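Here the structure is laid out as structure tokens; the discussion comes afterwards.
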Amino acid sequence: MHAQENLDQEITNLKLELGELLKEQDIDPQEAKVFLEKLRILLNKGQLRAANQVNGQWQPVLWVVEALQLFFKLGTRYHYNNNYTSFFDLDTLPLKKLSWDDLIRVVPGGSSIRDGCHIGKGTVLMPPVFINIGVYIGEKCMIDSHVLVGSCAQIGDGVHIGTGSHIGGIIDPVGTMPVVVEDSVRIGGNCGIFGSVVIQSSVVIAAGTIITDHTPVYDLVRQSVYIRSEQEQLVIPSGALVVPGARSYAALGVDSVISLHTPVIVKYYSNTLKSSLWTR
């Protein structure tokens, strides 16, 4: 109980520190970097996230996203150079330092993980992958080759993201929901999930499916169409099987043989898919 109270107080203090920093016309770089380091530690531990579930609905944590913007705004170009790698980036965006105690596997082959993201125990990263700042990845996930996970994306436990798939990120403007992928989701190869999209638990997304928050999703099973509104994210219901599809442009009142891409839900799984520890 005391540990949680201490964490809550630490987070409250960070939020207040951010408010004071943003009041300054010229932010002191040294003062800011001390603040960013404290923020980074909590993000790495998964104790602070860019989005949380409140009363069953995902919401961005506005002040965290605003703080993450400072990593980009306040950084200066820096040459990272050691025995293993050499690259040029901002001095506020180093690579994540991993240890044996993290209990994850990072297979060699050119992966890049920015510091300030959380990767849960038992997760496997196949090369090459790129994971940006502010990302949360749960336990026992498989992040396959050539996968990009954008800033602030939230990934649950037991998720499999297939080869060549992109999970979009968002860090600007503040208030925009990042992509959320809940527990036990299976995303096939060469998929794309972009914008304010919530993929609920145990969804299966077939290879080659692109889901954006500006594209309607047609549910053939429930005879519904899911779209994003100003008040709500685009939500893919739990247990759905989503495949690539098309809708006739003529249905929009245009005399044409052209069809437009749309994701289509063709069935629902009655049993929740179980997560597993990947052994590749």
Selected from Val204, Val180, Val106 as most flexible by GNM, with the chain as the system and alpha-carbon contacts under 10 Å: Val106
Among Asp183, Asp26, Asp89: highest mean-square fluctuation, GNM of the chain, C-alpha pairs under 10 Å: Asp26
Cβ charges +1 (Lys, Arg) and -1 (Asp, Glu), total dipole of the stretch 2-73, debye: 340
Calculated from backbone phi, Karplus (6.51, -1.76, 1.60) coupling profile of the stretch 213-219 in Hz, x at Gly/Pro: 7, 10, 10, x, 10, 9, 9
Residues in the stretch 232-251 that a label on Gln223 would reach, taking backbone N under 13 Å of a point 7 Å out along Cα→Cβ: none
Order of Glu182, Glu17, Glu232 - criterion: other Cβ atoms within 10 Å of each residue's Cβ, fewest first: Glu232, Glu17, Glu182
Within-12-Å neighbourhood charge of Ile11 [Cβ basis; K, R +1; D, E -1]: 0
Ile11, Ile137, Ile236 arranged by Cβ crowding within 10 Å, fewest neighbours leading: Ile11, Ile236, Ile137
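Based only on other Cβ atoms within 10 Å, what is the fewest-to-most ordering of Met126, Met142?
Ordered by Cβ neighbours within 10 Å, fewest first: Met126, Met142.
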Span from the the stretch 1-24 Cα centroid across to the the stretch 139-161 one, whole angstrom: 28
Within a Gaussian network of the chain (alpha carbon springs, distance under 10 Å), most fluctuating of Gly46, Gly75, Gly56: Gly56
When each of Lys15/Lys97; Lys33/Lys121; Lys15/Lys73 is checked by Cα-Cα distance, pairs over 20 Å: Lys15/Lys97; Lys33/Lys121
Signed unit charges on C-beta, dipole axis of the stretch 174-271, positive-most listed residue Val203, Val174, Leu234: Val203
Helix 29-45 axis, angle to the chain major axis (alpha carbon atoms, nearest 10°): 50
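Quick note: the coordinates plus some simple rules give every number you see, no bench work behind them. For clarity, every value in this text was computed on a predicted model and none was experimentally measured. Neighbour counts run over all protein chains shown; Cβ positions are idealised from the backbone, glycine included.
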